[in-house]
Amino acid sequence: QVQLLESGGGLVQTGGSLRLSCAASGSIRNLGNMAWYRQAPGKQREFVATITVTGFSTYLESVKGRFTIRRDNAKNTVDLQMDNLKPEDTAVYYCTAYDRKWYWGQGTQVTVSS
């Protein structure tokens, strides 16, 4: 089993920044793609960003240019730098990673006030 622990959520004003971090631990064999998803109240969970082992990343269109995903393969971590935050970014953010199957963290709350 692989455990994912997110940190870095909180309350921020519109236009502010937050950095989310996710650390993988446990029975890691070959950590593959890592990603961030989010779920706002009353909405389905949606993809935000993903990054491959080699560093190739893709983003949800609405966060392009504002969010940056990075990973440290040596430390088994993935970060999400979120800049110019908007109220519509308010959600619980989840880290996910693939190692023979997909694992999910418990989520961290991000609230952007207007």
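To one decimal place, what Kirkwood hydrodynamic radius in Å is obtained for the chain from all pairs of distinct Cα atoms?
Radius from the Kirkwood sum: 14.0 Å.
What is the local net charge at Ser7, summed over the other residues whose Cβ is closer than 11 Å to its Cβ (Lys, Arg +1; Asp, Glu -1)?
Counting the neighbours of Ser7, the net charge comes to -1.
With θ taken as phi - 60° and the coefficients 6.51, -1.76 and 1.60, list the Karplus ³J(HN,Hα) couplings across the range 103-114 in order, rounded to whole Hz; mark glycine and proline as x.
10, 10, x, 7, x, 9, 7, 10, 10, 10, 8, 8
About its Cα centre, what dipole magnitude does the chain give when the only charges are +1 on Lys and Arg Cβ and -1 on Asp and Glu Cβ, stated in debye to the nearest 20?
Taking the Cα centre of the chain as origin, the dipole is about 220 debye.
By how many nm would the segment from Ala40 to Arg100 grow when fully extended, if each residue of separation counts as 0.36 nm and the alpha-carbon distance is taken off?
Extra length available between Ala40 and Arg100 comes to 18.8 nm.
Roughly speaking, what is the stretch gain from Gln81 to Ser57, that is 0.36 nm per residue apart minus the C-alpha to C-alpha distance, in nm to one decimal?
Here the segment from Gln81 to Ser57 would lengthen by 7.3 nm.
What is the calculated FRET efficiency for Ala74 to Ser17, with r their C-beta to C-beta distance and R₀ = 22 Å, to the nearest 0.05?
According to the calculation, E is roughly 0.30.
Whose amide H sits under 5 Å from the amide H of Ala49, counting only residues 5 or more places off or on another chain, with H placed in the peptide plane?
Placed amide hydrogens put Trp36, Leu60 under 5 Å from Ala49.
Laboratory data are not the source of any read-out in this text; all were calculated from the coordinates shown. The structure presented is a predicted model; accordingly, all values stated were derived computationally and were not measured. Neighbour counts are summed over all protein chains in view; Cβ atoms, including those assigned to glycine, are modelled from backbone coordinates with ideal geometry.
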